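Trainee: Submitted below is the structure of interest, expressed as structure tokens.
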Amino acid sequence: MRELFDDILSMSDVHGVMLFSVEGKLLFKEFNTPLIEEPETRNWWPIFIDSLSGAREVDLVFERSRLYVRRIEKGYLMLVLGALAPMAMLRLNCDLLVPSLRQVRLTKGLRQLFRKGR
């Protein structure tokens, strides 16, 4: 299933992708760059995702990086990007990706679908 994210991860200045359930549980992660801290060590729901309440997409721009969060039917897709990431192309790729994510069952067994080597 990692193949679903290959186009996004291969784009310039894309550092990683995370997929969260509606409850804020991290379901999938893949990063091109090493992480200082693993995403599982954070409780994303009250810190970040709960503050999105109803937003379809959020683009947070920082000095050297940005976060793009897209609400999908069963959760949230978060892209960790550099400041020069091609946003129009990333949005288009997300538009194309969302229907494929609808077909994936976002349940307890989702991690098995995204295991490396499949």
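Trainee: Got the relative contact order for the range 9-75 handy, in percent, Cα pairs under 8 Å and 6 or more residues apart? Intermediate results must be reported in sequence, preceding the final value.
Mentor: Values: 69 pairs, mean separation 17.2, N = 67.
Normalised by residue count, the contact order of the range 9-75 is 26 percent.
Trainee: Taking the Cα centre of the range 2-105 as origin, work out the dipole magnitude from +1 charges on Lys and Arg Cβ and -1 charges on Asp and Glu Cβ, in debye rounded to 20. Kindly include the intermediate steps, with their values, before the conclusion.
Mentor: Details: 13 positive and 15 negative charges, 56 e Å.
The calculated dipole for the range 2-105 is roughly 260 debye.
Trainee: Using the Karplus curve 6.51 cos²θ - 1.76 cosθ + 1.60 with θ = phi - 60°, work out ³J(HN,Hα) for each residue of the range 77-87 in order, rounded to whole Hz, and write x for Gly and Pro.
Mentor: Coupling constants for the range 77-87: 10, 10, 10, 9, 10, x, 5, 9, 5, x, 4 Hz.
Trainee: What distance in nm separates the two pseudo spin-label positions at SER53 and GLN103, each 7 Å out from Cα along the beta-carbon direction?
Mentor: 3.6
Trainee: Once you sort the root eigenvalues of the Cα gyration tensor of the range 2-105 as a ≥ b ≥ c, which label holds: rounded (a/c under 1.5), prolate (a/b larger than b/c) or oblate (the other case)? Don't skip to the answer; put the middle values down first.
Mentor: Values: a/c = 1.30, a/b = 1.08, b/c = 1.21.
Since a/c stays below 1.5, the shape of the range 2-105 is classed as rounded.
Trainee: Here is a further query. Please list the non-local residues whose amide H lies under 5 Å from the amide H of ALA85, H modeled 1.01 Å from N, same-chain partners needing a gap of 5 or more.
Mentor: Those qualifying (amide H under 5 Å, at least 5 residues apart or on another chain) number zero.
Trainee: Subtracting the Cα-Cα distance from 0.36 nm times the residue separation, let me have the gained length for GLU37 to ARG64 in nm, one decimal.
Mentor: Numbers: separation 27, 0.36 × 27 = 9.72 nm, distance 1.78 nm.
This chain segment gains 7.9 nm when fully extended.
Trainee: Follow-up. Working out 0.36 nm times the residue gap between ASP7 and GLU73, then minus their Cα-Cα distance, what length gain in nm do you get to one decimal? Let's see the in-between values first.
Mentor: Details: separation 66, 0.36 × 66 = 23.76 nm, distance 2.07 nm.
Roughly 21.7 nm would be gained on extension.
Read the figures in this text as sums done on the coordinates, not as results from a lab. As the structure is a computational prediction, the values presented were derived from the model and not from experiment. Counting neighbours? That spans all protein chains shown, and the Cβs are built from the backbone with ideal geometry, glycine included.
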